[in-house]
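Working notes, structure below.
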Amino acid sequence: MLELIQVDRFFGHFQALKQINLKVEEGEFRGLIGPNGSGKTTIFNVISGVYRASAGQVKFLSREVGEFTPDKICHAGITRSFQIPRPFREMTVVENVIIGSLFGKGKETIAKGDPRAEAVHWLEFVGLKVDERTMPGELTAGNLRRLELARALATHPKLLLADEIMSGLNQEEIVLASLVLKKIREELKITIIWVEHIMRALMNLVERVTVLDYGQIIAEGTPEEISKNPKVIEAYLGEEETGSHA
């Protein structure tokens, strides 16, 4: 479904991504981990069109999409949630999801269906029940992350880039967020790439894990293989055990 071929990304003289080769199959649930600053969000920004790759190719469903703008990427079937939720705070929660629905469909289908009913559907799907007047500022951290997911799902994606959706959540909220991700995968059949620092949650859900360090892929494998990989333990998992990435 998605392929990054020899992707580099520079910011001035700093190389944030180095020769990234990544393949994700349709229907896969892939974890993407690594220390802070290792390039995880930069990869998401390149895939979603926020940044263009300095070199290399980004292919989605066999099409080269590396030159696409974010709106064209979204219409092609790629959506994302953000590490820091970014709702339109002057709009209601329902209106926020309506914007996702209309933006994702593009000009051709913008008039079809009832966007308000669809917005309520996606909010209920992720476990967020609000009334028509609820504003984003009234939501807890966990519910803001549910809003992010509802807004992303409203674009009708084929591929979801989930960026640290469990950051700042308590244990109960982490369990609920895990159930939502599982539901997205099993009921909607959406391919997921998930960046997360909560290792226990990620390793229990994903099928394969890609590990980044200093902008390079240093390992790929099943959660079991990755948890025993000496390079990964040295670069990341060993530190996580001490709580430095908690």
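All of the numbers you see were taken from the coordinates with simple rules; none came from a lab. Note that the structure is a prediction, hence the values are computed from the model and not measured. Methodologically, a virtual Cβ is constructed for each residue, glycine included, from the backbone with ideal geometry; neighbour enumeration extends over all protein chains shown.
Holding the Cα-Cα limit at 31 Å, pick out from 18/72; 59/129; 40/183; 189/231; 23/72; 129/158 the pairs that are longer than that. Don't jump to the answer; show the numbers that get you there.
Numbers: 18/72 25 Å; 59/129 37 Å; 40/183 24 Å; 189/231 33 Å; 23/72 21 Å; 129/158 25 Å.
Going by Cα-Cα distance, 59/129; 189/231 fall outside the 31 Å limit.
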Shape call for the range 166-211 from the C-alpha gyration tensor, a ≥ b ≥ c root eigenvalues: rounded (a/c under 1.5), prolate (a/b greater than b/c) or oblate?
-> oblate
DSSP-defined antiparallel bridges as percent of all bridges, the chain, nearest 5 = 55 percent
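How much length is gained if the chain between residue 21 and residue 91 is pulled fully straight, taking 0.36 nm per residue apart and subtracting their Cα-Cα distance, in nm to one decimal?
Details: separation 70, 0.36 × 70 = 25.20 nm, distance 3.97 nm.
Extending this stretch completely gives an extra 21.2 nm.
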Helix 115-125 versus the longest principal axis of the chain: what angle, 0 to 90°, nearest 10, using Cα atoms?
-> 50 degrees
Label-point separation (nm) for residue 64 and residue 182, each offset 7 Å from Cα along Cα-to-Cβ?
-> 4.2 nm
For the chain, what's the relative contact order in percent, using C-alpha pairs closer than 8 Å and at least 6 residues apart?
-> 25 percent
Theoretical gain in end-to-end length, residue 227 to residue 71 [0.36 nm per residue, Cα-Cα removed] | 52.5 nm
At what distance in nm do the modelled label points of residue 131 and residue 167 sit from each other, each positioned 7 Å from its Cα along Cα→Cβ?
-> 3.3 nm
Taking N as the number of residues in the chain, what is its Cα Rg relative to 2.2 N^0.38 Å?
-> 1.00
Dipole magnitude of the range 21-79 about its Cα centre, charges +1 at Lys/Arg Cβ and -1 at Asp/Glu Cβ only, in debye to the nearest 20?
-> 120 debye
